[in-house]
Structure formats: C-alpha cells, structure tokens
1. Taking the Cα atoms only, what angle lies between the long axis of helix 98-134 and the longest principal axis of the chain, rounded to 10 degrees?
2. State to the nearest 20 debye the size of the charge dipole of the chain about its Cα centre, where the only charges are +1 on K and R beta carbons and -1 on D and E beta carbons.
3. Over all distinct Cα pairs, what is the inverse of the mean 1/r for the stretch 28-67, reported as the Kirkwood hydrodynamic radius in Å?
4. Please state the relative contact order of the chain as a whole percent: Cα pairs under 8 Å, 6+ residues apart?
5. If the reach is capped at under 29 angstrom between alpha carbons, list the lysines near K13, excluding any in the same chain fewer than eight residues apart.
6. Percent of accessible area on the chain owned by carbon and sulfur, 1.4 Å probe?
7. From the residues P16, L44, I54, which one has its Cα farthest along the dipole of the stretch 1-92 in the positive direction, the dipole being from +1 and -1 charges on Cβ of Lys/Arg and Asp/Glu about the Cα centre?
8. Using bins 10 angstrom wide from zero, how does P(r) for the chain break down, in % of all Cα pairs?
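The values are calculated or read from the model by the stated rules, or taken from the named source; none is laboratory data. All values reported here derive from a predicted model rather than from experimental measurement. Here the Cβ positions follow ideal geometry from the backbone for every residue, glycine too, while neighbour counts run over all protein chains shown. Ligands, DNA and RNA are stripped out before the accessible areas are found, and what is left, the full protein with its side chains, is counted by its heavy atoms. Shrake-Rupley method; radii C 1.70, N 1.55, O 1.52, S 1.80 Å.
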Amino acid sequence: MSLKIRLARGGAKKRPFYRIVIADSRSPRDGRFIEIVGTYNPMLPKTDENRVVIKTERVQHWLGVGALPTDRVLRFLDAAGLAKRAPRNNPQKAQPGAKAQERAAAAEEAKASAAEAAAAPAEAEPAAEAAAEEAPAG
C-alpha cells in the first residue's frame, strides 16, 4: 500500500480549509484516509501561527514508515524542519510557448516586409519625378 501525506479539502465554497492526512494514494482526495496529522487554513495571513498546524511526532512516524508527502505538504514540512525540499529551477518559465513564439516570428516578418515595401516606393518615387521633368510638356 502506497501511503501519501496530502491535503484533503474541506470548508465552504470559496472558503477553503484543508486537513493534512495520511491516505492510500489510490483513495480519492477528500475520501478515505488513515489519520489526520494537521490542518492548513489558506484564509489566514501568512504570519499567523494557526495557518499550518502539524502534529510533528505523527508526521515523523509516518515518514519513517515510508509515506511520501505531496509537493505542497513537503513545503509545509520543510518550513517546520521535518523534511528537506530541494529548490527547483525552471529557466524556461518566463519564455512563451511554441505557438506564441511562431506568432511573434510571423509578426516580425510582417513588420520587415512592410518596412521594405515602404522603402521601395520612396526609392522609385524620385526616379518617376525625374522622368516626368525630362518629358516635354505639351
């Protein structure tokens, strides 16, 4: 049986409240669980000590048994000093997706062709004026 330390949602609509539970990984998010080991109230300010409440002895027991925390719970455990979470680095996070990059390239090509078209009549215009001046009026 694969155990997870994860969040189970409770509370009202648009007023979330989470219990930190030990559950089988195959059970539903808000379904059957083995034990409640803490709570998380995201509605409280980040400085409030009741925002995340963890039963440290029980969490240490379940980690020793082999339960794996989810990423969000691992953040809480790292802040409490119960587990270590390696920092992540995603250098491509700020770059647009493939389709957006294609659209940007197409827009740049359109600007370049418009600039060339605007420059070409300006060069042809003095030649037309010179031809008109040479022709006899009459």
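1. The helix 98-134 is inclined about 10 degrees to the chain.
2. On the way: 23 positive and 17 negative charges, 499 e Å.
That gives the chain a dipole magnitude of about 2400 debye.
3. Details: mean 1/r = 0.0850 Å⁻¹.
Computed over the stretch 28-67, the radius equals 11.8 Å.
4. Numbers: 142 pairs, mean separation 22.4, N = 138.
Relative contact order comes out at 16 percent.
5. K4, K46, K55
6. Values: 5470 of 10180 Å².
Summing carbon and sulfur atoms, their accessible area is 54 percent of the total for the chain.
7. It is P16.
8. Histogramming the chain at 10 Å steps yields 10, 24, 17, 11, 8, 8, 7, 6, 6, 3, 0 percent.
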